[in-house]
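Enquirer: Can you keep this structure in mind? I'll have questions shortly.
The values are calculated or read from the model by the stated rules, or taken from the named source; none is laboratory data. Just so it is clear, the structure is predicted and the values come from calculations on it, not from any experiment. Virtual Cβ from ideal backbone geometry, glycine too; neighbours counted across all protein chains shown. Accessible surface is based on the protein model in full, side chains and every heavy atom, while ligands, DNA and RNA are left aside. Shrake-Rupley method; radii C 1.70, N 1.55, O 1.52, S 1.80 Å.
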Amino acid sequence: MSTNASTMKLRFSPTSPYVRKVMVTATEVGLADLIEKIPTNTQNPDDPIGKVNPLAKVPTLELEDGRILFDSPVICEYLDSLHDGPRVFPSAGAPRWQALQQQALGDGILDAAILAMLEGRRPEEKRWQPWVDKQLQKVRNAIAQLEAQSDELAGGGLTIGQITVACALGYIDFRFAGEQWQASHPRLAAWYQGFSARPSMVNNQPPEA
Ligand SMILES: N[C@@H](CCC(=O)N[C@@H](CS)C(=O)NCC(=O)O)C(=O)O
């Protein structure tokens, strides 16, 4: 793969699964070496992230010409436009919609899991367990759908759908290890085990994983 792309700055947190998704994509398309990672504390109101992204979220990508890109689907598609190898965003037709749908499902697992995780960080008397249960049920429903669609996930070349789903499942194992989804979803588990062994996944794991 070759590229004429310039260096980029990625505002990042090492535990963010959306950042992992961006870095796995960057690695797979051969651009990881062009990315300078800027540690970011989204909980600190004085962190410069608030000046470049009004949503103050990671990942946020700063290009050399000053353009700012977020969120992870936009950043990943941008990175995919910079190289001349096989695309992780299929260009058209059914393969494109399948990859984008898988990406949405993976991102949706993450959105629900993060809401459940954040609820656990509230003072105990303010936590609302039915809310946590509802979010975790979304995660379980999505994993059940992925098990049913595991042939589609495993087929064809590398896509943003596969990358996102793998990062989402990795986050469930990282933050919700008690879910133990593998035994009851054997085909998805087999696919995930193989995908997780890719160097791009291994080299971009969250720190405590
Ligand atoms: N849809 C966004 C989600 C990004 C996101 O929620 N990032 C979290 C970290 S995992 C964050 O920055 N949270 C800080 C906040 O919400 O203030 C994406 O795909 O990039």
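Enquirer: For the pair Leu118 and Asp46, what calculated FRET efficiency results from E = 1/(1 + (r/R0)^6), where r is the Cβ-Cβ distance and R0 = 30 Å, to the nearest 0.05? Mind showing how you got there, number by number?
Expert: Working: r = 21 Å, r/R0 = 0.70.
According to the calculation, E is roughly 0.90.
Enquirer: Now for a different question. Among Ser91, Ser81, Ser150, whose mean-square fluctuation peaks in a Gaussian network model of the chain (Cα, cutoff 10 Å)?
Expert: It is Ser91.
Enquirer: In Å², what does the accessible area per residue of the stretch 8-80 work out to with a 1.4 Å probe?
Expert: Values: 3460 Å² over 73 residues.
Ligands and nucleic acids excluded, the result is 47 Å² per residue.
Enquirer: Next up: Report relative contact order for the chain in percent, whole number only (criteria: Cα-Cα under 8 Å, sequence separation at least 6). The partial results should precede the final answer.
Expert: On the way: 267 pairs, mean separation 51.0, N = 209.
Relative contact order of the chain: 24 percent.
Enquirer: What are the lysines whose alpha-carbon lies under 28 Å from the alpha-carbon of Lys126, with same-chain residues fewer than 8 places away excluded?
Expert: Lys57, Lys134, Lys138
Enquirer: Could you compute the FRET efficiency for Glu125 and Phe176, with r as their C-beta to C-beta distance and R0 at 30 Å, rounded to 0.05? Kindly include the intermediate steps, with their values, before the conclusion.
Expert: On the way: r = 23 Å, r/R0 = 0.76.
Rounded to the nearest 0.05, the efficiency is 0.85.
Enquirer: Given a 1.4 Å probe and the protein chains all in place, what does the accessible area of Phe174 round to, in Å² to the nearest 10?
Expert: 40
Enquirer: Please name whichever of Phe70, Pro14, Val52 sits farthest to the positive end of the charge dipole of the stretch 8-80, dipole taken about the Cα centre and charges placed at Cβ: Lys and Arg +1, Asp and Glu -1.
Expert: Working it through, the farthest residue towards the positive pole turns out to be Pro14.
Enquirer: Take the stretch 93-199, compute every pairwise Cα distance, and split them into 10 Å bins from 0; I just need the percent in each bin.
Expert: 15, 47, 27, 10, 2
Enquirer: I would also like to ask the following. Return the long-range amide H neighbours of Ile38 (sequence gap of 5 or more, or a different chain), with a cut-off of under 5 Å between placed amide H atoms.
Expert: For Ile38, whose amide H was placed from the backbone, the distant partners under 5 Å are Leu10, Arg11, Phe12.
Enquirer: Right, here's the next one. Averaged per residue, what accessible area in Å² does the stretch 98-209 show with a 1.4 Å probe, protein chains only?
Expert: On the way: 5720 Å² over 112 residues.
Result: 51 Å² per residue.
Enquirer: Counting only protein heavy atoms and using a 1.4 Å probe, what share of the accessible area of the stretch 93-199 belongs to carbon plus sulfur, as a whole percent? Don't skip to the answer; put the middle values down first.
Expert: Values: 3000 of 5500 Å².
The value for the stretch 93-199 is 55 percent carbon and sulfur by accessible area.
Enquirer: Rounding to the nearest 20 debye, state how big the charge dipole of the stretch 46-95 is about its Cα centre with +1 on each Lys and Arg Cβ and -1 on each Asp and Glu Cβ. All intermediate terms of the calculation are to be shown ahead of the outcome.
Expert: Values: 4 positive and 9 negative charges, 35 e Å.
The calculation lands at about 160 debye.
Enquirer: Could I ask something else about it? Using only the Cα atoms of the chain, build the gyration tensor, take square roots of its eigenvalues as a ≥ b ≥ c, and label the shape rounded, prolate or oblate: rounded if a/c is under 1.5, else prolate if a/b is larger than b/c, else oblate.
Expert: On the way: a/c = 1.92, a/b = 1.11, b/c = 1.73.
Oblate, because a/c is 1.5 or more while a/b does not exceed b/c.
Enquirer: In debye, nearest 20: dipole of the stretch 52-209 around its Cα centre with unit charges on the Cβ of K, R (+) and D, E (-)? Display every interim value, and only then the final one.
Expert: Numbers: 14 positive and 19 negative charges, 73 e Å.
About 360 debye.
Enquirer: Of the heavy-atom accessible surface of the stretch 8-80 (probe 1.4 angstrom), what whole percent is carbon and sulfur?
Expert: Numbers: 1780 of 3460 Å².
Carbon and sulfur atoms account for 51 percent of the accessible area of the stretch 8-80.
Enquirer: Continuing with the same structure: So which aspartates and glutamates pass the test for Lys9, namely a Cα distance under 12 Å, with those fewer than 8 places away in the same chain ruled out?
Expert: Asp33, Glu36, Glu62, Glu64, Asp65
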